[in-house]
Each structure stands twice: as structure tokens, then as C-alpha cells.
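First the structure, which I've put down as C-alpha cells, then a few questions once you've had a look.
The values are calculated or read from the model by the stated rules, or taken from the named source; none is laboratory data. None of these values were measured; they are calculated from a predicted model. Quick reminder, even Gly has a Cβ in these numbers, built from the backbone with ideal geometry, and neighbours come from all protein chains shown.
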Amino acid sequence: MSGEVVYLVFALPILSFIIILAFLRPLFKGRPKVSSYLGIALTGISFVLSLLLLLGVYSGKDLAASPLLWLNLGNVDIKFGAIIDGLVAIMLVVVTFISLLVQIYSVGYMRGDPAYHRYFALVSLFTGSMVGLVMASNLFWLFAFWELVGLCSYLLIGFWFDRPAAANAAKKAFIVTRVGDFGLLGAVILLFTQTGTLDIGSLHILATSGALAGSVLSWATIGILMGAMGKSAQFPLHVWLPDAMEGPTPVSALIHAATMVAAGVFLIARMYPLFEYSPNLKIVAIVGGFTAIFAATMALVMNDIKKVLAYSTISQLGYMFLGLGMGGVSVGIFHLFNHAFFKALLFLGAGSVGHATNTFDMRQMGGLGKKMPWTFACFVIASLSLAGIYPLSGFWSKDEIISSASEEPVLFYMALVTVFFTAFYMFRVVFMTFSGSYRGEKEHLHESHKEMVIPMVILAVLSVFSGFFNLNGGFAHLLGETDVETMGIFEVLSHPAAIISLLVALLGIFLAYAVYKKQWLSAAGLTRVFYPFYTLFSKKYWIDTFYEDILVRRFLVNGVFEFFSLFDRYVIDGLVNGAAKAATGVFVFFNYFDHYVVDGLVNGIGGAAKSVGKSLRHLETGQLQLYGAFIVLGIVVIVMTIFIVEVLV
Amino acid sequence: MTNGLLSVAIFLPLVGAIIIALLPASPKLIKNLASFFALVALGIGLFLFFNFESAGGLQFETRVPWIPQIGAYYHIGLDGLNLHLFLLTLILGFLVTLISRDINERVKEHFVWLLVLETSILGVFSSLDLLLFYVFWEIEVIPMYFLISIWGSGRKHYSAIKYVIYTLFGSVFMLVGILSLSISSGTFDVTEIAAMDSSLLSQVLPLSTTFLCLLIGFAVKLPVFPLHTWLPDAHTDAPTSASVMLAGALIKMGGYGMIRVCLGLLPEMAEKYAPILLSLAVVNVVYGAAVTLRQTDIKRLIAYSSISHMGFVLLGIFALGEVSLVGAELQMFSHGMITGLLFAITGIIIHNTHEREISKFGGLAHQMPLASTIFIIGGIGAMGVPTTSGFISEFLTFFGAFSAGARIYTIISLLGILLAAGYILWLIQRVFFGPLRPELASSPDIKPLEVFYCAVFIFFIFLIGLYPTFLVDIIRPAVGLLIG
């Protein structure tokens, strides 16, 4: 197998997008399923090819894809090409696999939606763009696909565009991430200017050899970090992700949990040598560590199941940043890998209960465990995995992050508290949703269709086992790390950090059990005790309010922009109109002068002035006679020009 | 033979205008004739485009004495600086004859003026003689005046007069600049003046005065802050066809003039005044975008966005880098297509809904799904999303300007793409998303012919976005020669 296969992984979903939009949508109006079958088939092939690439890389084959010259700019050029290494292969498998499962799930979830074709076209476009982002060997293309996945995200969040909340959330997502992209684009331009190349491999060599260093490297990594923070919803650019839950739930699973939001983590991993040789790796860790605990606090109090999961995603992405900053590429990416499965599963589970109950408000749920046993079982497995319960996948990668953070006590304790919050909020969701008795109004609740259940079961299996990938250090090895610590499946339980975090997680689950299952403690009572915190968390620290009401609406749109707008209308245009009025005044004066002084002297000229005045009046009405006047004017201008020139020469 | 074809392409629309003016014809025939002449001219333009040697310097030249006593020649030709703008004008010139098909009032005059307008813009882009350039530049004002004041809307007379006075104001300065140059050099021929030592050019006026005079003329057209307030009025009140020509081709005359004349003839002065012009570029970008965000009229909003986007052109030009100039040239073509599309589709929306206040729209994507999709594609281009021409031209402008040393200016200008996302997405949200307003429930979606001309714009937006080499390979050698 040659490395060029990677281009096929990219092209197939794009092809699916084009075929659906150009042919299936207009020709198969009554049979929308054709689109989903095509998308599933082509994504499926992409997945198989990605898997082959992963096996190839794993067995040490030297796979390469020759790049294509796309744009020649003289001294520099831009090539379109692909990197094939462990990082890319893992990401490709994750992206195509989750996309495949989400599309299968969507066959059930989106059944009957009038815009079914559009949905599958956009998911295909997203999948192709995400593959392009992952494989790109050149920062230019990485950025281009980075923007394209953002566009797909925009179009899918706003998929049900008639809902004002969805339209608003889509806009917010695009603009907030673009704040980060401002930094990323700046970094791309800075690197291109300073090194003359955007080839990622070359940039790695320049950074490790010390040719790219100092303030340039520092600024470049800051810019890249900004981009990553926008895409991965890190504080203070986290505000868009919870709102993005307005999109269809399978989209939330694919884009806003497993793949696109992890692109920021991927980007830092991709550019890791630059961060290693810059002073900014610590900032990555701090941003991640803070975001992890900060977002987790808000997840504690949300009543919308998807909102809890959204804040949880922000928090887990923070963990990944922390892992990258403290541990290294494999620490961060291993959590990305495991998180992709269990978090996608949690969203699909939320979609399943939402589909059944027609709501995402957990106060309208309860007792669903009996009605929806498959969803319940899968959801609990994913929750245990996310909470970091041994030996599920989340335990392994979270343990690595927490161990790596132990060098920095503050970050370490923040991470540990986050473990407690995570376990608590997840089991708060589990108990509020699945145990007790049903509080909603919908009748005849039943388990979802099999095309929704099967992907969940597959993901549940992975949520259990994907963590074993690194038991013998295989995962880290794949990411090019040589001195890999191997961890036995039982040995790990002798690590103090692992024991502590496991106990903390169990404590969190127990507290949720005590409050939401057994009601030994009342939730309302807890709210009262922690009222200031509860308010702070449920108001999202007033950050959204600050951004939207104060910064954007009052300060920018109604403040600065309005000022500019009034300035434009009254000052600049006012000056223009004022000048015109003044000029008219002068002309009026001339006219009087003409009328009374010149006219008195030469009647003929006065007559001419009158006719000019007449045609000036016609300017207001656009009369036909003016045509001639204008043509004459033009000729006069030309003749005068020539005359002046001739006289002067 | 191909050299003569350039003149044919320039004057064919004018010939068409004269024939239409003299022929007693039905409105339908007039419309078809106008499209025919514009289409043939476009065909010739495409023939020239594909026969252009990308590294061959000026081509398709014609140079015959015009007013030999003063050194004025009928000198025209195309190179990488103007070929794509010439092509842009021909494409738009053809499309506006289709866009205007629903004009029912004074049909004959409308198409006559459209064709005259096309010839005058083609003349500006292809002239290599300053006097000829000036004459075409002035002629353009006349058809535009009538197009706005007769077939326009709103305060159309005010806007038309404002346009004329603004342009004439700029032209006076430009004329002084041109005369100063040509009296000093004894010729109007751009290629001859460019070959001269600049110390010979200051015999009438100091070089800096000449430069600034020329620049004011071009700055009004582009437009550059604070000479921009004609643009929103003219674009808003013009009929769709004229708006498309104005935003698509006409304002590029300003950018082109800066490159060909200011930069090509007075490079030292361009370097000297670059900091001021770069500052104005940043003001254009940020201020233009800020004012855009406050607009309440859909057409006016798009008009203001042009000011911001032309700021990128100014940035690319006066960063004086090879790549930045390629970016600026590409941006002119790209903006012509993107804004052309936005004005075209906005015209259709206003026509079909009888509404233009943004606050009165809502949920139009239900009622006019095709038109909404097309508008969103245009919006994606205006935001500079990759795969559209907007992205690559802005990227090259930013990268080129930054690497040419205009670092701070570039970084501030990057804010422009953030603000662009703001005004475009907010507009899309208010007009197309949300529940459908009942008042709009009877608006028809767009017709096949309208889909066709929108598709042409879209084709070029993606062609340049996906395959910029198509134009970059033509522009780059010429820019290299210019600043070499």
C-alpha cells in the first residue's frame, strides 16, 4: 500500500458531498436515504483505508505521499500534501470512525427531517475537511481546512435555522472561534515570512535546530495557541461551545465532542517541537488546567443534559491541554483518543433520550433506565469511563495527565478537584435521567431504533477497551516516543496518583448517588448552602453576558461602531455636503453677479447663463436635454485638455 | 491580428450602443442585442486571455499617433496588471445585460448607457497613454450618472450628482498630475514615462505634488477614507446593474491607477508616502467594517463592506512587496466577483420581496431557498473562507504586506476578517434565518436566468479560490517587472 491512499481518505467524503448536492438532492427528493447510504459507504471506505494506514505506520512501514505544487510565489511556494505518521494515522481513524458511526446513527435520528440531504452533504463535507486538516503537511492547508471545518460547524449548528437560538449560536460559534483564528493566521504569516516555508516538517527541523527561535518562535506559538483555544473552546473563548448544542445531537457528538473541537489539541501536538523550544508550553498547561476546573464547575449546575456534556467537553479538552503542556504529545493525544469514543457515546446517548422524550431538560426526564435499557447501559459505561473509573479507558489517559501534572502542585490539585466534579456531574446526569420515576409528559417511551443503538454499543465497547492501547506503550510508541513507560494492568493500582484520583472519582459518584438517587441530601438544600457558587456557576460567571451585552452590544456595536457610523454620516459626509452647499452659495453669488452686473453689460452672455441655469434645474429631474449637455461637457473637457496642453507645450 | 482584437473588444460595446440607439427595435430585441455585443466582446476577451504569454510583458499592443503635437498616442495593451481586470469588466459587462432584463422603463437608453459604460471602463483598464486614460476615465462618469439618476431608487438624484461631483473633484487633481508628468516628459505614453529617470519629471511640479494629485484622483474611486462617502450613496441608490458595475469593476479603476500610474511612474514617491497610505488602508479596513456593522439597509451594508475590502487592496499596494501587490491585484478581481454576486442577488431579493430594510426581513431561507443559498455563498466569499477567491487574495495580501515590512498595519488589518465575519453572519441571520415573516410569504424564489448569472459569479469565486495559479501566474511576472 502506498502512502497516496491518504488522498483517497480525504477525497471520498468530499466526493460524497459533491454527489449528494449535485445529483442526489435534486434527483432523489422522495428517497432521501440514498444520501445517507452514499455518505456511509464512502466514509466507511475512508475508515478502512485509515485503518490500513494506521497498521502500516504501526508496523514501521515508511509511508509517504508526494505533495503537489499548488501555488508558486517566486521565492516561496505553497504545496498541497499529506504527512503520514502516528499522530495523523490515529486522528484519521478517530475522525472517519466516529463520522461513520454518527452517520449510521443519524439515519435513525434524522429520519423524516425535510433537509435530510443537506444534513448528510454537510456531514460529508465536514468529514473531508477534518481529514484534510489532520493530514495537511503545510500550515497553509491546515489553516484552510481549519476554517472549513469551522464553516461546516456553523452550517450544522444552524441546521435548523428557523430556530432563532440555533441561528444565533451558529453565528456566535463562528465569530468566537475566529477571534482565535486571528492569532493563528498571524502566526502562519509570521512563520511564512521568517522561514520562507509553511511545510510542517521543515518548521519542526527549524525549531529543533534552533534556527527558528527567540521572539519569533514565542509569538508564533502564542498565535497558534490562540487558534487552538478558539477551536477547542478554552477559557476565555469557551463561550461558543455550550450554545453550539443547538445543532442536531449527532453533530454535537461528531463535531463538538469528538473531532473538530479536539483540533486545537491536535494543532498543538502537530506543532509540538515549536512549543517545546519556546517558553510557552507552560502556558498551554495553565490554560488547560484552569479551563478544566472552570468548565467543570458550570457542568455541575446545568439542567440541560447536552449543556452538561458541552461543559464537560470543554473541561476534558482542558485536560488534554494540560497533558500536552505537562506530559507531552502522547499524554494529550491519548486522552483525545479515549475521549472521542466515550464523549461521542454520551452525546449519542443524550440524543437517544432526547429523541424519546422530546426534551433535553433533565428535570423532564427520570426513570428512563427501564424504558431504554440499551441507552442506559451504554450511557453508564461512558460515564464511568469519563469519570476515570478503573479499568475503563478514561482512567488510563486521565491517570497519565494527573501523574504528569504532579510536578506542579497547583495544577495537580486543580486536576484532582476536576476529577471529583466530573464524577459528580456525570452521575448527577445518570441519576436524574435514568433512575427514579419519569417526570415528563410524553407517553409510550421506548428504546431507539437499532441504527441508533448499534453505534452506541460499538462505542461502549471502545469506551471500555480503548485505554488498553497504551498498556505496553504502543500508543506512545506510535507517536514517536522512544522511552516509553509501560504500565501493567494491575501494576497501575500501586501508583499513588492513580489511587488518589480513583478514590476522588468514587467519592464524586457516591455524592451524586447520595443526592440524586437516595436523596439523603437534598439537591435544593445543597443549592441553598452553596447559593453564591450556584448562582455564579449557573450564570456562567456572567462571561457570556459580559461578552454579548457589554462588550459586543454596548461597547462595540452601539458604542464604537455607532460612533464611527455617526461620524461618517455627520462629520465626513456633513463636510462634503457642507462644501457642496458652500460651493452652491458661491455659484448663486456668481449667478446674481452674472445677472445684475454682467448681464447688464452683455445681454448675450446673460442669456447663456440662463440656459445653463435651466439645465442645472434639469439635473434634478433627469430630463432628456441633459444628455446633450453632458456630452457637450465631456467634449469641452477633452478639448480644453488638449488646448491647455498645447498652450503649455 | 490579435493586437487589433483588443481595440475591437474595447469598442464593440460602444458600437452595440450606437446600433441600439439608432435602431427602432422592440425592448426584447434591444436586450438581446446588448447581450450579444457584450458576449462577443467577452468572447474576444477570453480569446486574448488564453493567448496571453504569462511572462511576455505587454501584449496585444496598438500604438498609433493620436495628437502627435503633444505626444498623445492611441496606445493600448494588456499585461499582468490589467489583463484580469479587463476580463473582469467583460464578464461583468455581459452579466449586467442579463441582470437588467427586467428593466421596463426607457429600455433603449438603459442598455445604451450600460454598453457605453463598459467601453469606458475597458478603455481605462487598457490605456497606456495618460490622456487616453483620462478621457476614458471622464467618459465613464456620464453613463453612470444617467444609470443612477434615471433607474435608481431612493435619493437617486442626490446620489448621482454626488457621484459626479466627487469624481470630477478627483479628476481635476488627476488631470493636474497627468499634465505635470507629460509636460515634463513631453509624452503621455506610460511606457515612455516609466522608462525615464524620475529627476526629469519634476519640471512643472515637484514630484511629491504630482504624486499626491494623481493619488487623490484614484483615492476617490477606490475609495480611500475620507473620500469615500459617495460610494454608499451611489451603490445603494443605483439600479442593480449599475451597482454591480460600480462595485465590481469601476472602483477597481482606482486601485489599478495607483499601481499603473502612481507606483509604475513614481516609485520613489510611492515609497515616501507609503506609511500614510498604509495608515489610511488600516482605517479603511477597520472603520469601513465598523460602519458596515451599523447599516440597516441591506444594499447599503454591502456597499460599506466594499470600503473595508478595498482597504486590503490599498494595504497590498502600498506595502510595496511583490506578493502583496499580487494579493492586491487578485483581491480586485476576487472582490469584483464576490461583491458583484452579492449586489446581483440582493437586487433579486429586493425586487422579489419589495423590501430592503434588514429589520423587516427574517426567515427568507424558507421562502427563497435558492436565493438564500447563493447569498450565503457570496457571504462566505466576503468573509474570506478558504476555497473562495476571497481567502487566497486576502492571504496573499496579508502575507505579502507583512513580509514586506508593513507588520503592524497587517496585524491591525487582520481585524478586518473578524469584523467581516461579524457583519456578514449577522446580516445572514437577520435576513435569512429565524421564522419566516408573514409579509414575505408571497415572494417568489429566483428564476433560471438569474440562477445562471449568479452561477457565473460563483464559478469564478471558486475557480480563483481553488486554482489561484490561473491568475497569479499572469499577475506575478508583471508585478515583478513593475517593482523589480
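Restricting the search to region B:373-400, which residues are more than 9 Å from chain A (Cβ to nearest Cβ), among the polar types (S, T, N, Q) and either farther than 16 Å from residue B:434 by Cα or in contact (Cβ under 8 Å) with a residue 60 or more places away in the chain (or both)? Spell out how you get there, then give the answer.
Residues of region B:373-400 that are more than 9 Å from chain A (Cβ to nearest Cβ), as a first pass: B:373-375, B:377-379, B:381-382, B:388-390, B:393-394, B:397.
Right, trim to among the polar types (S, T, N, Q) and you get B:373, B:388-389, B:393, B:397.
Across region B:373-400, the qualifying residues are B:388, B:389, B:393, B:397.
Does residue B:319 satisfy being touching a residue at least 40 places away in the same chain (Cβ under 8 Å), among the aliphatic types (A, V, I, L, M) and within 30 Å of residue B:429 (Cβ to Cβ)? So that I can check it myself, show each step before the final result.
Working: touching a residue at least 40 places away in the same chain (Cβ under 8 Å): yes; among the aliphatic types (A, V, I, L, M): yes; within 30 Å of residue B:429 (Cβ to Cβ): no.
No, not satisfied.
Could you name every one of the helices (runs of 4 or more DSSP H) located completely within region A:350-440 that has at least 2 residues being farther than 20 Å from residue A:317 by Cβ and touching a residue at least 60 places away in the same chain (Cβ under 8 Å)? Please lay out each step first, then the result.
Values: elements: A:368-371, A:373-387, A:393-405, A:409-434.
Result: A:368-371, A:373-387, A:409-434.
Would you please name the residue that is nearest to the chain's Cα centre (by Cα), looking only at residues in region B:143-163 that are at pLDDT 90 or above and of a type in the set (Val, Ile, Thr)?
Checked region B:143-163; the qualifying residue nearest to the chain's Cα centre (by Cα) is B:148.
Something else now. Given the structure, is residue B:111 under 25 Å from residue B:243 (Cβ atoms) and away from chain A (no Cβ under 14 Å)?
Numbers: under 25 Å from residue B:243 (Cβ atoms): yes; away from chain A (no Cβ under 14 Å): yes.
Judged against the criteria, residue B:111 is a match.
Follow-up. Could we say that residue B:200 is within 17 Å of the chain's Cα centre (by Cα) and either modelled with pLDDT under 95 or surrounded by fewer than 24 Cβ atoms within 10 Å (Cβ to Cβ) (or both) here? Outline the logic, then answer.
Working: within 17 Å of the chain's Cα centre (by Cα): no; either modelled with pLDDT under 95 or surrounded by fewer than 24 Cβ atoms within 10 Å (Cβ to Cβ) (or both): yes.
Criteria not met by residue B:200.
To continue, here is another question. Could you run through region A:37-94 and say how many residues are of a type outside the set (A, V, I, L, M) and within 14 Å of another protein chain (Cβ to nearest Cβ)? Walk me through how you get there before you give the answer.
The first filter runs over region A:37-94 and keeps only residues of a type outside the set (A, V, I, L, M), leaving A:37, A:39, A:43-44, A:46-47, A:50, A:56, A:58-62, A:66-67, A:70, A:72, A:74-75, A:77, A:79-81, A:85-86.
Filter once more, so that each one left must be within 14 Å of another protein chain (Cβ to nearest Cβ): A:70, A:72, A:74-75, A:77, A:79-80.
Selection size over region A:37-94: 7.
Being part of a helix (DSSP H, G or I), β-branched (Val, Ile, Thr) and within 12 Å of chain A (Cβ to nearest Cβ) is the filter; apply it to region B:279-306 and report the residue that is nearest to residue B:243 (Cα to Cα). I'd like the intermediate steps shown before the answer.
Step one: filter region B:279-306 for residues part of a helix (DSSP H, G or I), giving B:279-293, B:298-306.
Adding the requirement that they be β-branched (Val, Ile, Thr) leaves B:282-283, B:285-286, B:291-292, B:298, B:302.
Checking which are within 12 Å of chain A (Cβ to nearest Cβ) leaves us with B:283, B:286, B:291-292.
Working: B:283: 24, B:286: 23, B:291: 19, B:292: 17 Å.
Filtering first and then ranking leaves B:292.
Another question, if that's okay. For residue A:581, only one of the following conditions fails: (1) at pLDDT below 90; (2) more than 9 Å from every other protein chain (Cβ to nearest Cβ); (3) surrounded by 12 or more Cβ atoms within 10 Å (Cβ to Cβ). What is its number?
Unmet condition: (3).
Of the residues that make up region B:454-466, is at least one crowded, with 18+ Cβ neighbours inside 10 Å, modelled with pLDDT under 95 and not aliphatic (A, V, I, L, M)?
No, region B:454-466 has no match at all.
Here's the yes/no breakdown for (1) of a type outside the set (S, T, N, Q); (2) without any contact (Cβ under 8 Å) to a residue 12 or more places away in the chain; (3) surrounded by fewer than 24 Cβ atoms within 10 Å (Cβ to Cβ):
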| residue | (1), (2), (3) |
| --- | --- |
| A:232 | no, no, no |
| A:236 | yes, no, yes |
| A:254 | yes, no, no |
| A:270 | yes, no, no |
| A:287 | yes, no, yes |
| A:296 | yes, no, no |
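Quick check on this structure: which one of A:69, A:38, A:15, A:21 is over 20 Å from residue A:115 (Cβ atoms) and assigned to a helix (DSSP H, G or I)?
A:15
Also, quick follow-up: List, please: which pairs have Cβ atoms under 9 Å, are six or more places apart or on different chains, and start with a residue in region A:495-523 that is charged (D, E, K, R) and end with one that is surrounded by 14 or more Cβ atoms within 10 Å (Cβ to Cβ)?
Here the result reads A:517/A:427; A:517/A:430; A:517/A:431; A:517/A:435; A:517/A:436, each pair linking region A:495-523 to a residue that is surrounded by 14 or more Cβ atoms within 10 Å (Cβ to Cβ).
When residues of region B:285-322 are filtered for being among the acidic types (Asp, Glu) and over 21 Å from residue B:342 (Cα atoms), how many remain? Reasoning before the result, please.
The first filter runs over region B:285-322 and keeps only residues among the acidic types (Asp, Glu), leaving B:297, B:322.
Adding the requirement that they be over 21 Å from residue B:342 (Cα atoms) leaves B:322.
The qualifying residues number 1.
Hey, can you tell me all the residues within region B:43-96 that are over 24 Å from residue B:469 (Cβ atoms), touching a strand residue (DSSP E or B) at 6+ places or on another chain (Cβ under 8 Å) and either away from every other protein chain (no Cβ under 14 Å) or free of Cβ contacts under 8 Å to residues at least 40 places away in the same chain (or both)?
Result: B:61, B:62, B:63, B:64, B:65, B:75, B:76.
The rows are residues; the columns are (1) under 17 Å from residue A:291 (Cα atoms); (2) in contact with a Cys (Cβ under 8 Å, 6 or more places away or on another chain); (3) surrounded by fewer than 24 Cβ atoms within 10 Å (Cβ to Cβ).
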{"site": "A:369", "(1), (2), (3)": "no, no, yes"}
{"site": "A:386", "(1), (2), (3)": "yes, no, no"}
{"site": "A:403", "(1), (2), (3)": "no, no, yes"}
{"site": "A:411", "(1), (2), (3)": "yes, no, no"}
{"site": "A:417", "(1), (2), (3)": "yes, no, yes"}
{"site": "A:420", "(1), (2), (3)": "yes, no, yes"}
{"site": "A:427", "(1), (2), (3)": "no, no, no"}
{"site": "A:431", "(1), (2), (3)": "no, no, yes"}
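For region B:421-443, what are the residues that are of a type in the set (Gly, Ala, Ser), more than 9 Å from chain A (Cβ to nearest Cβ) and in contact (Cβ under 8 Å) with a residue 12 or more places away in the chain?
As a first pass, look at region B:421-443 and keep what is of a type in the set (Gly, Ala, Ser): B:421-422, B:434, B:441-443.
From the residues that got through so far, the ones that are more than 9 Å from chain A (Cβ to nearest Cβ) too are B:441-443.
Once the filter is applied, which keeps residues that are of a type in the set (Gly, Ala, Ser), more than 9 Å from chain A (Cβ to nearest Cβ) and in contact (Cβ under 8 Å) with a residue 12 or more places away in the chain, region B:421-443 yields B:441, B:443.
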